[in-house]
Amino acid sequence: MKNLKFKIYTLGCKVNQCDSGILSQHLVASGFEMVKNGADLAIINTCTVTKVAARKSRQMISVAKRENFGAKIVMFGCYPEIYLEEAKKLDLNLVWQMGNFDKLTKSLYILEHITLFLESSRRILPASIKIIL
């Protein structure tokens, strides 16, 4: 089985930097590989301290898709915490609110493996997988 690759995009404060570091450690400990681009999972740690920050969080989806073609796009942090209903409408595969990085790591692993299974069995297109937790 291939190593699952991830990239984390972090917007905002030092708390977000810390959270991204913790999540990265959890992912690496679970067998994921951190990369600069070409990731299987592009994870956006968002900020909403201002309207500009919220807009940049949404715009980061396009950046993540461009740098990681075909990747599952994951959003967590402040944006889904404050704007959960709006986040559900965005072109994302997983929306996560705050905390519980062990559970988030397991969810990312499951998301990627469900996708690999569905691709290999040609049951549905992976882009149609969307999980809101």
Discussion item. Taking R0 as 22 Å, what FRET efficiency do you get between ARG55 and CYS18 from their Cβ-Cβ distance, rounded to the nearest 0.05?
Written reply: 0.40
Worksheet item: Which ordering of ASP91, ASP19 is given by a fewest-first count of other beta-carbon atoms within 10 Å?
Response: ASP91, ASP19
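Using 0.36 nm per residue, how much length does the chain from VAL28 to GLU81 gain when fully extended, once their Cα-Cα distance is taken away? Mind showing how you got there, number by number?
Details: separation 53, 0.36 × 53 = 19.08 nm, distance 2.51 nm.
Full extension from VAL28 to GLU81 adds 16.6 nm.
Values in this text are rule-based calculations from the coordinates and carry no lab data. As the structure is a computational prediction, the values presented were derived from the model and not from experiment. FYI the Cβ positions are ideal-geometry reconstructions off the backbone, even for glycines, and counts take in every protein chain you see.
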